[in-house]
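This report refers to the structure that appears directly beneath it.
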Amino acid sequence: MRAPARAKTDVVASETMVLNIGPQHPATHGTLHLEVELDGEQVVRCTPHLGYLHTGFEKLGESMLYNQFIVVTDRMNYLSPLSNNFAYVLAVEKLLGVEVPKRGQYIRVALAEMARIADHMVWLGTHALDIGAFTAFLYAFQQREKFYDIIEACSGARLTVSYTRVGGMAQDVPDTFVPMVRGFLEGFLNEALPEIEGLLSKNRIWIDRTKGIGVIDAQTALDGGLTGPCLRGSGVEFDIRKAEPYSSYEDFDFDIPVGVRGDTYDRYLVRMEELRQSCRIIQQALDNMPDGPVNVPDHKMILPGKEHVYKAPDHTQPYDPVHPYGSIEGLIHHFKVTMRGHGVEPPEGEVYCATESPNGELGFYLVSDGSGYPYRVRVRAPSFMNYQNLPRMVQGLMVSDVVAVLGSLNVIAGELDR
Amino acid sequence: MPEEQAPEAAPAEDPRPLPVRKVVERFGDPVLATDEHRGEWTVVVTSEAIHPVLRFLKTDPAFQYIRLVDLTAVDCLGLESISARFGGARFLLVYHLMSHMPDSPLPRLRVKCPLTDAEPSAPSATGLWSAADWLEREVYDMFGIVFDGHPDLRRILMPDDFGAFPLRKDYPVQGVGERASFDFERSGQTHRDE
């Protein structure tokens, strides 16, 4: 006997459906795969799958000299490569037991904060785009391009900058740096930020899509390894720049914004306030920028400047003992620093160096066996740790909320697949 | 003169910070070593004691290491200084812990645990911190270290059928023929034919 039509409908309604989001989907911000089990539109279970990039950064690090690995750190986070450069060289410098001169530290702070602004802008733009706000995306990307102009004037590259070196910077900032940054800050604080906030902060749709969505309380966030704006959004006042200052952060005056509810809207508000605090830090860095060298005065550690390697010696000028490298000497020096057995060789030991990157705690754990190659390079990437909390954050939400919560964590696929 | 002799008579003060001293006092012999390098303290314990030590560090009200910052491993193959020190250990499990107490005597602490080559395994820390979930899966995926009691121990970055552990030192950087054996012509057509 055939079952009545109504009973059949009931059976169908009780079944769950598996929806695959990604690996190649605009909302997954790279290559991720979310296996979402749905009951109607409600998320019953979410299982993330990683590993589509197969980068092997940590394995690569074991076969590269300390300075060579800097270019790899660029590729881990394509939103703020400079912060990754910075975190890595700080770890190597800790291993070596050296400290960069004050000017170098201040330049690093200013640029790291600008990288935070650029990172938050891309996060905001793509997050808003995921939820359906297209205009904010354009405004945010415009600001990122302005930051790229500044970093291009400093390092010659826009995205993969590799601007730091073990013991300092690739070169000092150009004379145009201070006016460029002041111009950027003025436009950012007076126009871009109020415009973007005006579009989103009190927008009915934005509030409905983010408030009370993806809530994670402080205790669960700490237990699950959340860091950065995501942890602060849950109300934990923890910032490594304050708790364990590095690179002269103790000289700067800034506040740590925290949220109350731990939802997607709070994570948005925390990041918006962080943008203002970053501007404060940059202004202080520009106002109080010390003179002097940017690199440690150790020619066995520091790569010679490009002008000492590529420029032919000017025999019409008297010999300059401060910059003795004309061409061949500079070239030899460059080789000596980069050749196996001649370059930087930290003593045997291990360090863990944590920095407050735009997405949270970015830590490098380095083990040295006394050679010029790190024995082990471990990256404690914030995205990897933040993202493992996603399944519990989206459980019970609607499927469209998954995209909003995913965006609020700022997933970086390069950091997930190390 | 008695004033000058007094410091000599006093017992030498233990330079180790409070959490390190407490672990040594409480666990005794299973604590294999305590080290300091560049201001960072490390406690090395046996694999039998690792779980009780982690639990003690997390729950003791004096320091409360409530955050598992990181968990990774180091393959000591060829690193004689380490493996000889810890009875021929092949791997070291490395836990980075952090206390969120405002006046913690030592905010960060590293705990290490040597493991031998034959079927390396350690108890899972997922019961203490949920953050250990993916970190342990990654260590298992990359080094082949098994975590007893992990609720869902499977590969996380490599494909499920991958037959090796890439971060082991005896695994070559360029892989072992994954590219050469990859079947580009599975469909019977090469790109040129198309």
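The values are calculated or read from the model by the stated rules, or taken from the named source; none is laboratory data. Bear in mind the structure is a predicted one, so any value in this text is a computation, not a measurement. Ideal geometry is used to build each Cβ from the backbone, glycine not excepted, and the neighbour counts take in all protein chains shown.
Annotations for the structure displayed:
- Every residue from segment A:334-367 that is at the interface with chain B (Cβ under 10 Å from one of its Cβ atoms) and hydroxyl-bearing (S, T, Y): A:Y352, A:Y365
- Taking each residue of segment A:202-214 that is of a type in the set (V, I, T) and looking for partners that are assigned to a loop (DSSP other than H, G, I, E, B) with beta-carbon atoms closer than 8 Å, six or more apart or interchain, yields A:I205/A:G132; A:I205/A:A133; A:T210/A:D263; A:I213/A:D263; A:I213/A:L397.
Residue by residue, here is whether (1) surrounded by 15 or more Cβ atoms within 10 Å (Cβ to Cβ); (2) touching a helix residue (DSSP H, G or I) at 6+ places or on another chain (Cβ under 8 Å) holds:
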| position | (1), (2) |
| --- | --- |
| B:C76 | yes, yes |
| B:I82 | yes, no |
| B:A89 | yes, yes |
| B:Y95 | yes, yes |
| B:M101 | no, no |
| B:S130 | yes, yes |
| B:D152 | no, yes |
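- Yes/no for A:L129 being surrounded by fewer than 22 Cβ atoms within 10 Å (Cβ to Cβ), within 14 Å of another protein chain (Cβ to nearest Cβ) and either more than 21 Å from A:G198 (Cβ to Cβ) or in contact with a Phe, Trp or Tyr (Cβ under 8 Å, 6 or more places away or on another chain) (or both): no
- Which listed residue is modelled with pLDDT under 90 and farther than 29 Å from A:R75 by Cβ, from A:G187, A:G212, A:G132, A:G198: A:G132
- Residue match in segment B:88-100 (condition: of a type in the set (G, A, S), in contact with a Ser or Thr (Cβ under 8 Å, 6 or more places away or on another chain) and assigned to a loop (DSSP other than H, G, I, E, B)): yes
- Residues of segment A:29-62 that are modelled with pLDDT of 90 or more and within 28 Å of A:G372 (Cα to Cα): A:F57, A:E58, A:K59, A:L60, A:G61, A:E62.
- When segment B:44-55 is filtered for residues that are surrounded by 15 or more Cβ atoms within 10 Å (Cβ to Cβ), farther than 16 Å from B:A89 by Cα and out of contact with any Phe, Trp or Tyr (no Cβ under 8 Å at 6 or more places or on another chain), only B:H51 remains.
- Test result for A:A192, surrounded by 19 or more Cβ atoms within 10 Å (Cβ to Cβ) and among the aliphatic types (A, V, I, L, M): yes
- From the options B:D117, B:D161, B:D152, residue that is in a loop (DSSP other than H, G, I, E, B) and farther than 27 Å from A:Y52 by Cβ: B:D117
- Within segment B:122-161, the set of residues being more than 14 Å from B:L71 (Cα to Cα) and without any contact (Cβ under 8 Å) to a residue 12 or more places away in the chain comprises B:P159, B:D160, B:D161.
- Scope segment A:113-146; condition under 21 Å from A:G214 (Cα atoms) and not aliphatic (A, V, I, L, M); matching residues: A:H120, A:W123, A:G125, A:T126, A:H127, A:D130, A:G132
- Figure legend. Inter-residue proximity from segment B:61-84: first residues more than 7 Å from chain A (Cβ to nearest Cβ) and closer than 22 Å to B:L167 by Cβ, second residues among the acidic types (D, E) and in a helix (DSSP H, G or I), beta-carbon distance below 9 Å, spacing 6+ or different chains. Indicated pairs: B:L71/B:E136; B:L71/B:E138.
- Any hit, segment B:144-152, residues being aromatic (F, W, Y) and in contact with a strand residue (DSSP E or B) (Cβ under 8 Å, 6 or more places away or on another chain): yes
- Among the residues listed as A:H308, A:H299, the single one being within 23 Å of A:V98 (Cβ to Cβ), in a helix (DSSP H, G or I) and not hydrophobic (A, V, I, L, M, F, W, C): A:H308
- Residue within segment A:101-113 that is more than 16 Å from the chain's Cα centre (by Cα), within 14 Å of another protein chain (Cβ to nearest Cβ) and surrounded by fewer than 23 Cβ atoms within 10 Å (Cβ to Cβ) present: no
- Residues (within 11 Å of another protein chain (Cβ to nearest Cβ) and of a type in the set (S, T, N, Q)) located in segment B:16-42: B:T42
- The residue of segment B:59-74 that is nearest to B:I145 (Cα to Cα), among those that are over 16 Å from the mean Cα position of the chain (by Cα) and surrounded by 14 or more Cβ atoms within 10 Å (Cβ to Cβ), is B:I66.
- All helices (runs of 4 or more DSSP H) inside segment A:174-276 with 2 or more residues being charged (D, E, K, R), closer than 25 Å to B:P107 by Cβ and under 20 Å from the mean Cα position of the chain (by Cα): A:240-243
- Across segment A:368-401, the qualifying residues are those that are β-branched (V, I, T) and out of contact with any Cys (no Cβ under 7 Å at 6 or more places or on another chain), and the one among them that is farthest from the other protein chains (Cβ to nearest Cβ) is A:V399.
- Residue tally, condition in contact with a helix residue (DSSP H, G or I) (Cβ under 8 Å, 6 or more places away or on another chain) and facing chain A (nearest Cβ under 9 Å), over segment B:154-170: 6
- Some residue of segment A:212-219 being within 14 Å of chain B (Cβ to nearest Cβ), closer than 21 Å to A:V258 by Cβ and in contact with a helix residue (DSSP H, G or I) (Cβ under 6 Å, 6 or more places away or on another chain): yes
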